[in-house]
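Novice: Provided herewith is a single structure, encoded as structure tokens, for subsequent inquiry.
The values are calculated or read from the model by the stated rules, or taken from the named source; none is laboratory data. As the structure is a computational prediction, the values presented were derived from the model and not from experiment. All Cβ positions, even for glycine, are placed from backbone atoms using ideal geometry, and neighbour counts span all protein chains on display. These accessible areas exclude ligands, DNA and RNA; they are computed on the full protein's heavy atoms, side chains included. Shrake-Rupley method; radii C 1.70, N 1.55, O 1.52, S 1.80 Å.
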Amino acid sequence: MDELLFCDYLDRIVGQPIDYIGRVIDLLNIGIGDSMEVLDRNGRTVKKSTYSLHIQSAWRIVNPRRKEILLVYSDFYSPREGIEDDQNFNWRVKGDNLFDQKTENYLKKTAPIYIESYEVNIWGDLLLVFSNGDRLEVFVDVSDDSECWRIFKSECEEPHLVLTGHGIVLG
């Protein structure tokens with residue numbers, strides 16, 4: 001893939017606000033840019049952002065100044081505070097895991113947050129630096145063609161930029 005095309009995808013999100021941080025099962029979903037309402041395939045109105053970043057590999061959000069890990073992919077699998085019966089804990093239930101608990105107020109406490117810059121190393125690890133000093137670090141954790149992360153423009157026929165263990169592809 002042409003390096004200029006790769007950078008063009010990521011250059012678009014610099015200066016854009018983080019609209020939401022959520023999950024679909026164990027996929028981290030970050031909405032970037034302006035919020036819009038669109039119809040889904042069932043005719044229901046849903047909220048989407050201009051761009052979406054989907055992450056299916058190891059990641060964490062940190063604050064380097066405070067030397068603090070704020071969110072991490074393993075938070076999906078830990079019960080939120082107050083769940084007493086962790087023997088019957090089901091991490092898939094919305095609102096029951098530590099990730100859901102921590103993200104409830106993350107953007108509210110620090111909003112608005114913008115993407116200030118990005119870096120991608122030779123393995124495809126992604127670093128996003130936020131305007132509040134926090135950083136999203138995404139790690140390629142596979143050696144095959146499994147997907148690690150993708151970025152795409154919502155409601156657009158343009159191909160997605162996809163990073164796998166074998167490198168970058170348009171999907």
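Novice: Measure up K109/K153; K67/K102; K48/K108; K67/K94; K47/K94 against 20 Å on the Cα-Cα distance and list the ones that go over.
Specialist: Numbers: K109/K153 27 Å; K67/K102 17 Å; K48/K108 18 Å; K67/K94 29 Å; K47/K94 18 Å.
Where the Cα-Cα span goes over 20 Å, the pairs concerned are K109/K153; K67/K94.
Novice: Another question, if that's okay. Could you sort 47-58, 116-127, 87-98 so that the peptide with the highest average Cβ count within 10 Å comes first and the rest follow in order?
Specialist: Per-residue mean Cβ counts within 10 Å order the peptides as 47-58, 116-127, 87-98.
Novice: Using modelled amide H (1.01 Å from N, peptide plane; none on Pro or chain starts), what sits under 5 Å from the amide H of V72, excluding residues fewer than 5 places away?
Specialist: Residues meeting the amide H criterion: I61.
Novice: Follow-up question, since we're still on this one. For the stretch 1-84, with only Lys/Arg (+1) and Asp/Glu (-1) charged at the beta-carbon, what is the dipole magnitude about the Cα centre, in debye rounded to 20?
Specialist: Roughly 240 debye for the stretch 1-84.
Novice: Given that compact globular proteins tend to follow 2.2 N^0.38 Å, what is the ratio of the alpha-carbon Rg of the stretch 38-108 to that value?
Specialist: Ratio of Rg to 2.2 N^0.38 Å for the stretch 38-108: 1.38.
Novice: A further question on this structure: Add -39500 (n - 2.57) for each DSSP H run of 4 or more in the chain, then divide by its residues: what number comes out at 222 nm, to the nearest 500 deg cm²/dmol? Could the numbers behind the result be given before it?
Specialist: On the way: 2 runs with 22 residues, N = 171.
The helix-only estimate for the chain comes to -4000 deg cm²/dmol at 222 nm.
Novice: Hey, another quick one. Which order do you get for V46, V24 if you rank them by accessible area with a 1.4 Å probe, largest at the top?
Specialist: Accessible-area ranking of V46, V24, largest first: V24, V46.
Novice: Toward the positive end of the charge dipole of the stretch 14-171, about the Cα centre and with charges on Cβ (Lys, Arg +1; Asp, Glu -1), which of T50, F76, S143 goes farthest?
Specialist: T50
Novice: Still on this structure: What percentage of all Cα-Cα pairs in the stretch 103-163 are separated by more than 17 Å? Each step should come with its number before you reach the end.
Specialist: Numbers: 1014 of 1830 pairs.
Of all Cα-Cα pairs in the stretch 103-163, 55 percent lie more than 17 Å apart.
Novice: I'd like to know which of I168, N105, V62 lies farthest towards the positive end of the charge dipole of the chain, counting +1 on Cβ of Lys and Arg and -1 on Cβ of Asp and Glu.
Specialist: N105
Novice: By how many nm would the segment from S146 to A111 lengthen if fully extended, with 0.36 nm per residue of separation less the alpha-carbon distance?
Specialist: Between S146 and A111, full extension yields an extra 9.3 nm.
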